[in-house]
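This report concerns only the one structure given below.
The values are calculated or read from the model by the stated rules, or taken from the named source; none is laboratory data. Treat the numbers as computed from the prediction; the structure is a model and nothing was measured. Ligands, DNA and RNA are stripped out before the accessible areas are found, and what is left, the full protein with its side chains, is counted by its heavy atoms. Shrake-Rupley method; radii C 1.70, N 1.55, O 1.52, S 1.80 Å.
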Amino acid sequence: MYQGLTTDLLNPKTLLLYVTLMSQFIQPNQAANIQLIILASVLMIIAIFWLGIVVFIINMIRQWFLQPKIQSAFNKVTALVLVGLGVRIATEKI
């Protein structure tokens, strides 16, 4: 988590995005620092919520893929695809 935060803080594109977007929501007659902290907190809460949903869905897909029937079917399908690609490359004209 620390590495991701450092990467985001040092990324000029991310900084530019936040500066251009956040400044639209700042009231000039109030303290800007407090408003920025509130906006950043809201963005972090939304990101945590969204990533929590993504992790939950990926965990469900993982559990589905761990079933022996699904693994066997997936292995057979990928084998067919790889063999098909090999045949296509072998018969392709230069």
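Remarks
- Considering segment 1-73, the qualifying helices (runs of 4 or more DSSP H), each wholly inside and each with 2 or more residues that are within 15 Å of the chain's Cα centre (by Cα), run over 2-10, 32-65.
- Selection from segment 33-73 of residues that are open to solvent by less than 70 Å² (accessible area, probe 1.4 Å) and at pLDDT 90 or above: Gly52, Ile53, Val54, Asn59, Ile70, Ser72, Ala73
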